[in-house]
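For reference, the structure discussed in these notes is given below.
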Amino acid sequence: MIEVSKLSKAYGKLNAIQDISFTVDEGEILGLLGPNGAGKSTTMNIITGYLGKTSGKVTIDGIEVSEKPKEAKKKVGYLPEIPPLYTDMTVEKFLGFVFDLKGIELPKKEHIAEIMKTAGISNVSGRIIKNLSKGYKQRVGFAQALLGYPPVLVLDEPTVGLDPNQIIEFRKLIKSLGKKHTIIFSSHILSEVSEICDRIVVISQGKVVTDEKTSDLAQKFSGAPKIVVDIQGPSAEVCQALREIEGVLKTELISEENGEVKIRITHKSNIDIRQNIFTVMAAKNYPILEMGKVELSLEELYLQLTASSENSQNNTEKTGKRGKK
Amino acid sequence: MAAVLKRELGSYFRSPIGYTIIAIFYFFANIFFNMYCLSYNSGNMSSVFKNTFLIVLFIIPIITMKTFSEDKKLGTDKLLLTSPVSTGRIVFGKYLSAMIIYVICLLIFVVHGLIIEYFSTAQWSVILCTVLGLALMGSAIISIGLFISSLTESQVIACVGTLGVGFFLYIMDVLANLANNAIVSYVVGVFTFIQRFSNFTLGIFNPADVLYFLSVTCLFLWFTMKSFGKNSRS
């Protein structure tokens, strides 16, 4: 549905984004993650036609944005980082204006009422936008993006300013919309992205660092699989017994307290050693108090990815300096 | 375009600005009408028009200052530029809304004509020709004001910039005389706003003057389109 191909945007000598490529299939929810200044908003601004690109290509449903902007823009609803609201208008009048602007061919009054209900702003429809709280303003911004039910929704940090209840409702709403819409959604809240999105693209320093399915992401980057066990018994004997199990590569003692040892076991990826651990420990009469898989948390993953991109950037700069000499 | 026009026109009247602009214009136009016509029992409105010209130079920057600057500041330029409406239509919608406010201001002169007509005979050809001249010249300055507004986020800078241009146009002829240079005089003679407007006040309908003001309008609307849409171009 959305195809971004070698997209670059430069401001003079500064490359805001470089060779960004990813695709979003119909009905997919893509999460755009990255530190501040990474280039997420720039990418979204180019996809929606607000900013021009320096090079590359963006197509929405096969239509190239720079060649046929009108047709492409008809398919997109955009909520920028700061919701674009005319603060002197009432909510209903503003949505009426956006309805006319987008040339939506639906019964106006009913459609706006429906959208307001979906966004949870029916109770403030007559209020002037200037007088709304941040959370409500954000919701009005979301409502204007949703008007006409465009096939593609691009949302830049849509949950900023919402209270915890509103955030939960919003996530449910995105998930339900995701079935009928293609959504790109950027956030700093990693748990939110992993909960809602089918795929995650991490952007750092203007470049794509990773593009994976959410479920595959942690697995790909955590290296060899690990299990943490909490066993009652002497540490030395327990570790020794564990190391003898087939497939175990390494054992690390995490803690030892009151006869309980916590150990991290790294094992080969094609073997499930949990049954063997049980059998061996039971034979030696060392009760297993707790056993669980370790998955690299998204925070650790994010830090790892963005740190590695910064390191490679620094190395390139150093090499460049040496090169000049 | 109709959506933009409706919204812009509405916004002039959702705040005091629209009412204030029209009220101030009517106030001064009426004072001049009283001073130069009613108190002398004269139907000659030339002095009224001459003085009102200066008010126009003040009023137009106030009409145009928020047209694009406000969108840049609020972030609604993103809404406009990501909608399936061309930049040209957006600019034209804003231009029309400013012109409508301006023309509402100019209608007071028709009222003056009707008052004169009640007591004697109004020189309708002069009055209507002058109103047309004011409308055309105003259209050109409005398009310049729109362009300047599209260059900045600050309404104040937009206002002051347009005021500056307006005054330059006002004194351009005087400066040209001081320069005492044939080339300068010729160039100023072509681009003059004052001289061309003066023709209208004498009841002279010169198609060249009409074409000139319309051309300036089109040129600056085109500049505004380019300026407003500059970031969207690859």
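The values are calculated or read from the model by the stated rules, or taken from the named source; none is laboratory data. Just so we're clear, the structure is a prediction, and the values are computed from it rather than from any experiment. Methodologically, a virtual Cβ is constructed for each residue, glycine included, from the backbone with ideal geometry; neighbour enumeration extends over all protein chains shown. Heads up: the accessible areas ignore ligands, DNA and RNA and are worked out on the full protein's heavy atoms, side chains in. Shrake-Rupley method; radii C 1.70, N 1.55, O 1.52, S 1.80 Å.
With respect to A:G52, determine if the residue is out of contact with any Cys (no Cβ under 7 Å at 6 or more places or on another chain), within 9 Å of chain B (Cβ to nearest Cβ) and touching a residue at least 12 places away in the same chain (Cβ under 8 Å). Here the answer is yes, as A:G52 does meet what is asked. Listed by position, the strands (runs of 3 or more DSSP E) inside the stretch A:142-236 whose residues that are closer than 30 Å to A:N15 by Cβ number at least 3 are A:152-156, A:182-186, A:199-204, A:207-213. Within this structure, B:Y95 passes the test of being open to solvent by 10 Å² or more (accessible area, probe 1.4 Å), away from chain A (no Cβ under 14 Å) and touching a residue at least 12 places away in the same chain (Cβ under 8 Å).
The set of residues from the stretch B:11-21 being closer than 10 Å to A:D88 by Cα and over 19 Å from the mean Cα position of the chain (by Cα) comprises B:R14, B:S15.
Of the residues A:I121, A:I104, the single one that is in contact with a helix residue (DSSP H, G or I) (Cβ under 6 Å, 6 or more places away or on another chain), more than 7 Å from chain B (Cβ to nearest Cβ) and at pLDDT below 95 is A:I121.
A:K93 falls short on exactly one of the conditions (1) touching a Leu at 6+ places or on another chain (Cβ under 7 Å); (2) within 10 Å of chain B (Cβ to nearest Cβ); (3) open to solvent by 10 Å² or more (accessible area, probe 1.4 Å), and that condition is (1).
Can you find a residue in the stretch A:210-230 that is in contact (Cβ under 8 Å) with a residue 40 or more places away in the chain, on the phi > 0 side of the Ramachandran plot and in contact with a Gly (Cβ under 7 Å, 6 or more places away or on another chain)? For the stretch A:210-230, residues in contact (Cβ under 8 Å) with a residue 40 or more places away in the chain, on the phi > 0 side of the Ramachandran plot and in contact with a Gly (Cβ under 7 Å, 6 or more places away or on another chain): absent. Being without any contact (Cβ under 8 Å) to a residue 12 or more places away in the chain, facing chain A (nearest Cβ under 9 Å) and in a helix (DSSP H, G or I) is a description that does not apply to B:D77. In a helix (DSSP H, G or I), within 20 Å of B:L128 (Cβ to Cβ) and aromatic (F, W, Y): does that describe B:Y95? Criteria not met by B:Y95. Do you know which of the residues in the stretch A:57-76 that are more than 9 Å from chain B (Cβ to nearest Cβ) and part of a strand (DSSP E or B) is farthest from B:T82 (Cα to Cα)? So the residue we want is A:K57.
Screening B:D71 against (1) within 14 Å of another protein chain (Cβ to nearest Cβ); (2) touching a residue at least 40 places away in the same chain (Cβ under 8 Å) leaves a single unmet condition, (2).
State all residues of the stretch A:78-90 that are within 9 Å of chain B (Cβ to nearest Cβ), open to solvent by less than 60 Å² (accessible area, probe 1.4 Å) and within 26 Å of A:F170 (Cβ to Cβ); if no residue qualifies, say none.
A:Y78, A:P80, A:P83, A:P84, A:L85, A:Y86, A:T87, A:M89
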